[in-house]
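What follows is a single structure, written as structure tokens, with notes after it.
The values are calculated or read from the model by the stated rules, or taken from the named source; none is laboratory data. Source: prediction; values computed, not measured. Positions of Cβ are backbone-derived with ideal geometry, glycine not excepted, and every protein chain shown enters the neighbour counts.
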Amino acid sequence: MKHIFTIIFTLIVFLSQVVLAGNPDRQGEAGAYELLMNPWARSAGWHSMSTSLVGGVNAMRINPAGLTNMGSMEVSLGSARYLAPSGITLSGLGFSKRLHKHGALGISIMNVNTGDIRRTTVEAPEGTGAVYRPSFLNIGVSYGHEFITDEKNPENKIRVGVLVRTVSESISDASATGIGLDAGVQYVSGNKGQFKFGVSLRNIGSKMRFSGAGLGLVNPGEIRKDVQAAGFDMPSLLNIGASYDFYFAQLHRITILGNFTANSFSRDEIGAGIEYSFNDRFMIRGAYKYDNRFGAYALLTKVNNAYTGLSLGASFVFDVLKNVDDDDNVVSITKMAVDYAYRLSNPFSGTHNLTVSVKI
């Protein structure tokens with residue numbers, strides 16, 4: 001166990017140096033920014049800052065180490081109205097299942113729908129009457145494992161996880177594909193596992209480059225010339241977060257968290273959040289995220305990332321099926337969870353997330 005943890009920790013430290021070594025002059029030069037979009041409402045209510053405590057399907061978007069932070073199985077369907085009223089929607093489908101006591105496998109799919117866009121040309125700048133619809137699709141496969149650090153208290157553990165994701169962007173006559181890697185660690189300690197610390201690296205991958213017939217040029221002599229597009233990086237980032245649970249009268253819990261995000265291609269972000277839970281059946285949460293603006297230009301212009309400010313969320317969990325044995329002892333409980341989140345954005349009117357999950 002120690003050897004596995006040492007290898008993963010060394011990998012994360014090495015990759016973090018790659019992320020943090022980004023040149024500030026390259027801000028805004030990355031592509032595939034759909035990798036920063038979150039279709040899952042529970043983690044979106046935390047402003048996607050739940051690095052230390054995220055679990056199940058949500059973990060595949062924030063920190064894959066949290067994949068084992070669930071029951072035996074989870075299926076989630078998520079939808080988001082992105083930057084309303086832009087007309088952009090996100091759709092997510094996630095599945096996670098324990099393979100054994102300490103390991104879990106997950107699969108996630110996310111699609112971005114921009115709607116129909118008018119096709120324009122030099123001769124018809126107002127539109128030709130035709131439309132096209134870009135395709136943004138990514139599919140991730142993740143594995144998580146947890147190690148018990150104190151046999152006397154199973155709540156003390158270390159979780160590690162890795163996710164490999166394929167990224168595809170295309171229109172009818174041009175496309176780009178890439179492979180990205182996410183990796184993370186969560187450390188859980190305390191009599192009830194109330195202290196949690198997490199680190200995750202996201203979107204470390206190959207350069208992407210568009211190619212296809214749409215990049216060809218035809219000069220007045222009708223001689224076709226193919227143009228090679230420049231390659232671009234994925235929006236890599238490093239998340240570091242911690243959280244603590246306060247329990248009151250057994251049924252009540254208050255969780256506070258803090259998180260720092262180092263972005264390679266935009267300004268770093270820092271934020272905090274709080275959640276109240278009643279018997280793990282009803283939860284309400286809120287978070288605030290702030291851009292680290294350094295330099296005279298950033299301070300004078302006051303230009304922020306899209307998600308700067310407040311986020312709010314709520315979750316409802318209820319039983320739908322109880323499996324019992326011959327002695328009427330409850331063997332397993334199938335639960336349904338409904339999560340909602342709203343995130344302020346600048347510009348536009350914010351993003352709405354809704355997720356429905358079935359958990360066993």
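Tell me which residues, restricted to the stretch 303-333, are closer than 22 Å to SER79 by Cβ and touching a Leu at 6+ places or on another chain (Cβ under 6 Å). Break it down into steps so the answer makes sense when it comes.
Here is the first cut: in the stretch 303-333, the ones closer than 22 Å to SER79 by Cβ are 306-307, 310-318, 320.
Selection gives LEU310 alone.
Does SER345 satisfy being under 25 Å from GLY92 (Cβ atoms) and modelled with pLDDT of 95 or more?
On the way: under 25 Å from GLY92 (Cβ atoms): yes; modelled with pLDDT of 95 or more: no.
No.
Please find, among SER357, SER345, the residue that is among the small types (Gly, Ala, Ser), surrounded by 14 or more Cβ atoms within 10 Å (Cβ to Cβ) and closer than 25 Å to LEU67 by Cα.
SER357
Cβ-Cβ below 6 Å, separation at least six or inter-chain, first residue in the stretch 248-261 and at negative phi and surrounded by 12 or more Cβ atoms within 10 Å (Cβ to Cβ), second assigned to a loop (DSSP other than H, G, I, E, B) and not aromatic (Phe, Trp, Tyr): which pairs?
Cβ pairs passing all conditions: ASN259/MET49; ASN259/THR51.
Anything in the stretch 301-333 that is part of a strand (DSSP E or B) and closer than 29 Å to MET37 by Cα? List them, or say none. Before the answer, list the steps.
Step one: filter the stretch 301-333 for residues part of a strand (DSSP E or B), giving 309-324, 330-333.
Across the stretch 301-333, the qualifying residues are GLY309, LEU310, SER311, LEU312, GLY313, ALA314, SER315, PHE316, VAL317, PHE318.
It is to be established whether one or more residues within the stretch 246-260 are more than 28 Å from MET70 (Cα to Cα) and within 28 Å of the chain's Cα centre (by Cα).
Here is the first cut: in the stretch 246-260, the ones more than 28 Å from MET70 (Cα to Cα) are none.
No, because not a single residue in the stretch 246-260 is more than 28 Å from MET70 (Cα to Cα) and within 28 Å of the chain's Cα centre (by Cα).
What pairs come up if the first residue lies in the stretch 213-239 and is farther than 30 Å from ILE270 by Cβ, the second is modelled with pLDDT of 80 or more and outside any loop (DSSP other than H, G, I, E, B), and their beta carbons are under 7 Å apart, counting only those six or more places apart or on different chains?
So the pair list comes out as GLY214/ILE171; GLY214/ALA174; LEU215/ALA174; ASP226/LEU215; VAL227/LEU215; ALA229/SER211; ALA229/LEU215; GLY231/MET208.
Quick check on my filter: what residues within the stretch 114-132 are within 24 Å of VAL167 (Cα to Cα) and either of a type in the set (Phe, Trp, Tyr) or touching a strand residue (DSSP E or B) at 6+ places or on another chain (Cβ under 7 Å) (or both)?
Within the stretch 114-132, THR114, ASP116, ILE117, VAL131, TYR132 qualify.
Quick one: SER189 ticks every box in (1) buried (at least 16 other Cβ atoms within 10 Å of the Cβ); (2) closer than 30 Å to GLN228 by Cβ; (3) modelled with pLDDT under 95; (4) among the small types (Gly, Ala, Ser) except a single one, so which number is it?
Of everything listed in (1) buried (at least 16 other Cβ atoms within 10 Å of the Cβ); (2) closer than 30 Å to GLN228 by Cβ; (3) modelled with pLDDT under 95; (4) among the small types (Gly, Ala, Ser), SER189 misses just condition (2).
Name the pairs whose Cβ atoms lie under 6 Å apart, with the first residue in the stretch 62-86 and closer than 14 Å to LEU99 by Cβ, the second of a type in the set (A, V, I, L, M) and crowded, with 24+ Cβ neighbours inside 10 Å, and 6 or more positions between them or separate chains?
LEU67/ALA59; LEU67/ALA104; THR68/ALA104; GLU74/VAL57
What do you reckon, is SER211 closer than 28 Å to ILE117 by Cβ, within 24 Å of the chain's Cα centre (by Cα) and surrounded by fewer than 20 Cβ atoms within 10 Å (Cβ to Cβ)? Walk me through how you get there before you give the answer.
Numbers: closer than 28 Å to ILE117 by Cβ: yes; within 24 Å of the chain's Cα centre (by Cα): no; surrounded by fewer than 20 Cβ atoms within 10 Å (Cβ to Cβ): yes.
So SER211 fails the test.
When you go through GLY115, GLY106 one by one, which is the residue that is surrounded by 15 or more Cβ atoms within 10 Å (Cβ to Cβ), without any contact (Cβ under 8 Å) to a residue 60 or more places away in the chain and touching a Lys or Arg at 6+ places or on another chain (Cβ under 9 Å)? Talk me through it step by step, then tell me what you get.
Numbers: GLY115 fails: surrounded by 15 or more Cβ atoms within 10 Å (Cβ to Cβ).
Going through GLY115, GLY106 in turn, just one is surrounded by 15 or more Cβ atoms within 10 Å (Cβ to Cβ), without any contact (Cβ under 8 Å) to a residue 60 or more places away in the chain and touching a Lys or Arg at 6+ places or on another chain (Cβ under 9 Å): GLY106.
Do you know which of the residues in the stretch 142-179 that are of a type in the set (S, T, N, Q) and assigned to a loop (DSSP other than H, G, I, E, B) is modelled with the highest pLDDT?
Our first condition is that a residue be of a type in the set (S, T, N, Q); within the stretch 142-179, this holds for 142, 149, 153, 156, 166, 168, 170, 172, 175, 177.
Remaining after also requiring assigned to a loop (DSSP other than H, G, I, E, B): 149, 153, 156, 172.
Details: THR149: 83, ASN153: 84, ASN156: 92, SER172: 84.
Top of the filtered list is ASN156.
How many residues does the stretch 78-124 contain that are of a type in the set (Gly, Ala, Ser) and under 27 Å from LEU67 (Cα atoms)? Give the steps one after another, and end with the answer.
At the first step, the residues of the stretch 78-124 found to be of a type in the set (Gly, Ala, Ser) are 78-80, 84, 86-87, 91-92, 94, 96, 103-104, 106, 108, 115, 124.
With under 27 Å from LEU67 (Cα atoms) added as a condition, the list becomes 78-80, 91-92, 94, 96, 103-104, 106, 108.
Counting residues in the stretch 78-124 that are of a type in the set (Gly, Ala, Ser) and under 27 Å from LEU67 (Cα atoms) gives 11.
So for the stretch 99-106 (the condition being closer than 20 Å to ARG42 by Cα, under 15 Å from the mean Cα position of the chain (by Cα) and in a strand (DSSP E or B)), does at least one residue qualify?
yes
Restrict the check to the stretch 287-299 and report whether at least one residue is under 25 Å from the mean Cα position of the chain (by Cα), at pLDDT 95 or above and of a type outside the set (Phe, Trp, Tyr).
Yes, the stretch 287-299 has at least one match.
For the stretch 42-62, give me each residue that is on the phi > 0 side of the Ramachandran plot and either surrounded by fewer than 24 Cβ atoms within 10 Å (Cβ to Cβ) or part of a loop (DSSP other than H, G, I, E, B) (or both).
HIS47, SER48
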